[in-house]
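Report on one structure; see the data block that follows.
All of the numbers you see were taken from the coordinates with simple rules; none came from a lab. Source: prediction; values computed, not measured. When we count neighbours, we look across all protein chains shown, and the Cβ atoms used for this are built from the backbone with ideal geometry, even at glycine.
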Amino acid sequence: MTLPFNVVCASGLFAGLVALPASIALSSMVSSSKALAERAAPARVIKCEGPFGREGNHAGLVKAFGNSNVVYQDVDGAEGETIKASVLFPKDPKAKLEFIWSDADARRRPMIRAKDQSAWTTANGIRIGMSLADVEKLNGKPFKLSGFDWDYGGRVTDWQDGALAKPQPGGCIIGMEFVHPEDAPDTNLTKVTGDSEFLSDSADMRAVEPYVATLSVSYPPHASLTQRG
């Protein structure tokens, strides 16, 4: 079906208005609706305040996001172990966020972790899937990370006094782990594998094209707490 052709006369001028086929018009309306919905969707940004702040806790997450959206459960830890964490939106891969508590008994003082398909970003725009080169630009200089393909592989070990070494607004610090694509060239990959540190701007590191796989936001201990410990 095609909408009628109309010619409208206004102030002695003719303007031809040709309607598109209904299928095209409907498709355009659906696309516009999707675009509006995407713009209206709340941004998933980890701001270091409120329930994500230094003194954040499980109860605060429940208050902010609802009891049905926060579950205390096992998550992956180091070296194949599991640990307990509060998980926000556990059934939605793109909205999922893990809160591992420094004070596990009271479930407070979080280390916040995004991974896999999570769409959460830091306030300065770091996200899962971001390239090593783009992270280096945000840092303002090369940084060090561990070699790949072992339990602690791909972790940033030293921001080299770059911008990401400094506490972010709210006092949090950013950490991350990189992985390499499965088809990374072996000749380069073997040179940046194992329990050693490598600079992000090395030719072999760049050649394997690492990207962010895990993103963490945590808080350095207060001096008073360190002295007590």
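Among the listed pairs LYS63/LYS166; LYS94/LYS141; LYS47/LYS137; LYS94/LYS144; LYS47/LYS166; LYS63/LYS94, those whose Cα-Cα separation exceeds 26 Å are LYS63/LYS166; LYS94/LYS141; LYS94/LYS144. Among the GluC sites (Glu not before Pro) within the stretch 136-229, those in coil by DSSP and having at most 12 neighbouring Cβ atoms inside 10 Å are GLU182.
Given their separation in residues at 0.36 nm each and the Cα-Cα distance between them, ALA43 and THR187 gain 47.8 nm when the chain is fully extended. Solvent-free Debye calculation, one equal scatterer per alpha-carbon of the stretch 44-177: log10 I(q)/I(0) at 0.12 Å⁻¹ equals -0.49. The Rg/Rh ratio for the stretch 153-195, using Cα coordinates for both the radius of gyration and the Kirkwood hydrodynamic radius, is 1.12. Judged by the mean number of other Cβ atoms found within 10 Å, the most tightly packed of the peptides 78-84, 156-162 leads the ranking 156-162, 78-84.
Summing +1 for each Lys or Arg and -1 for each Asp or Glu among the other residues whose beta-carbon sits under 13 angstrom from that of PHE198 gives -3.
So what's the net charge close to GLU81: Lys and Arg +1, Asp and Glu -1, counting the other residues with Cβ under 13 Å from its Cβ? Within the 13 Å Cβ shell, the charges total -3. Summing Lys and Arg as +1 and Asp and Glu as -1 over all other residues whose Cβ lies under 14 Å from the Cβ of ALA207 gives a net charge of -3. Which chymotrypsin sites (Phe, Trp or Tyr not before Pro) in the stretch 42-76 pass both tests, a DSSP loop state and at most 12 other beta-carbon atoms within 10 Å? In loop regions of the stretch 42-76 (DSSP not H, G, I, E or B), there are no sparsely surrounded chymotrypsin sites (Phe, Trp or Tyr not before Pro). You can think of it this way: the chain between SER131 and GLN73 has 17.8 nm of extra reach, that is 0.36 nm per residue less the Cα-Cα gap.
Scalar couplings 3J(HN,Hα) for the stretch 98-108, obtained by applying the Karplus form with A = 6.51, B = -1.76, C = 1.60 to θ = phi - 60°, are 9, 10, 9, 8, 5, 9, 5, 5, 8, 6, 8 Hz; x denotes Gly and Pro.
The magnitude of the dipole of the stretch 111-229, with charges of +1 and -1 set on the Cβ of Lys/Arg and Asp/Glu and taken from the Cα centre, is near 680 debye.
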